[in-house]
1. Which residues, counting only those in the range 81-96, are surrounded by 17 or more Cβ atoms within 10 Å (Cβ to Cβ), free of Cβ contacts under 8 Å to residues at least 40 places away in the same chain and either farther than 18 Å from residue 23 by Cα or charged (D, E, K, R) (or both)?
2. Does residue 101 count as part of a loop (DSSP other than H, G, I, E, B), closer than 23 Å to residue 8 by Cα and touching a Gly at 6+ places or on another chain (Cβ under 8 Å)?
3. Tell me which residues, restricted to the range 104-130, are in a loop (DSSP other than H, G, I, E, B), closer than 17 Å to residue 23 by Cα and among the acidic types (Asp, Glu).
4. Kindly evaluate residue 35 against the criterion of being without any contact (Cβ under 8 Å) to a residue 40 or more places away in the chain, out of contact with any helix residue (DSSP H, G or I) (no Cβ under 7 Å at 6 or more places or on another chain), surrounded by 15 or more Cβ atoms within 10 Å (Cβ to Cβ) and not in a strand (DSSP E or B).
5. Could you please let me know if residue 52 is part of a loop (DSSP other than H, G, I, E, B), among the aliphatic types (A, V, I, L, M) and surrounded by fewer than 18 Cβ atoms within 10 Å (Cβ to Cβ)?
6. Counting only residues that are charged (D, E, K, R) and modelled with pLDDT of 95 or more, which one in the range 1-31 is farthest from residue 95 (Cα to Cα)?
7. Just one of the numbered conditions (1) over 19 Å from residue 125 (Cα atoms); (2) in a helix (DSSP H, G or I) is not true of residue 80; which one?
8. I'd like the full set of residues that are in contact with a strand residue (DSSP E or B) (Cβ under 6 Å, 6 or more places away or on another chain) and assigned to a loop (DSSP other than H, G, I, E, B), limited to the range 83-98.
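The values are calculated or read from the model by the stated rules, or taken from the named source; none is laboratory data. Predicted, not measured: the structure shown is a model, and the values here were computed from it. In this analysis, Cβ positions are derived from the backbone assuming ideal geometry, glycine residues included, and neighbour counts consider all displayed protein chains.
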Amino acid sequence: MLLVKSFLKFSEIHGVGCFTAEDIKAGQIVWKLDPVLDTEFDENFLKNSHPAVVEFMNTYAYGQMNGGRKTFILCGDHARHMNHSDSPNLVEAGHGNAYNLAIRDIKAGEELTCDYLAFDSEANSKLRRE
């Protein structure tokens, strides 16, 4: 769950992006895993789902290993639109990457970015490398 005000708009990185509507200080927690809003799905869920659901989850959910089993997390707010950057302004922290911290001051209006490779087991299939 995003802990800062945010909005969506066109991203120069890819499609739609998540942008902050307020200034953020370096070290500030910007996102926190919230099991009420952010839903965890077992990988078997995708095996038995309609192709449209699988496509949606492949786009917006991130994969992780959880206790020896693969699960997917679908963020229930604008955080699902955070785009990848090789030099992100947010970094994963906490047990199981339960937090995103600002690694520098971020001005209102900036796109919030993260490094998919740091937390998403499906990152390589999502990144468009040239």
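1. 92
2. Details: part of a loop (DSSP other than H, G, I, E, B): no; closer than 23 Å to residue 8 by Cα: yes; touching a Gly at 6+ places or on another chain (Cβ under 8 Å): yes.
Against the criterion (part of a loop (DSSP other than H, G, I, E, B), closer than 23 Å to residue 8 by Cα and touching a Gly at 6+ places or on another chain (Cβ under 8 Å)), residue 101 does not qualify.
3. Pass one, the range 104-130, residues in a loop (DSSP other than H, G, I, E, B): 104-105, 107-110, 112, 115, 119-122, 127-130.
Next, from what is left, pick out any that are closer than 17 Å to residue 23 by Cα: 104-105, 107-110, 112.
Within the range 104-130, 105, 110 qualify.
4. On the way: without any contact (Cβ under 8 Å) to a residue 40 or more places away in the chain: yes; out of contact with any helix residue (DSSP H, G or I) (no Cβ under 7 Å at 6 or more places or on another chain): yes; surrounded by 15 or more Cβ atoms within 10 Å (Cβ to Cβ): no; not in a strand (DSSP E or B): yes.
No; evaluated as a whole, the condition is false for this residue.
5. On the way: part of a loop (DSSP other than H, G, I, E, B): no; among the aliphatic types (A, V, I, L, M): yes; surrounded by fewer than 18 Cβ atoms within 10 Å (Cβ to Cβ): yes.
Judged against the criteria, residue 52 is not a match.
6. From the range 1-31, those charged (D, E, K, R) are 5, 9, 12, 22-23, 25; that's our starting set.
Narrowing the set further to residues that are modelled with pLDDT of 95 or more leaves 5, 9, 22-23, 25.
Details: 5: 24, 9: 31, 22: 27, 23: 26, 25: 22 Å.
Looking at the filtered set, the residue picked out is 9.
7. (1) is the only condition that residue 80 fails.
8. To start, the set of residues in the range 83-98 that are in contact with a strand residue (DSSP E or B) (Cβ under 6 Å, 6 or more places away or on another chain) comprises 83, 85, 88-91, 93.
Passing the criteria: 85, 88, 89.
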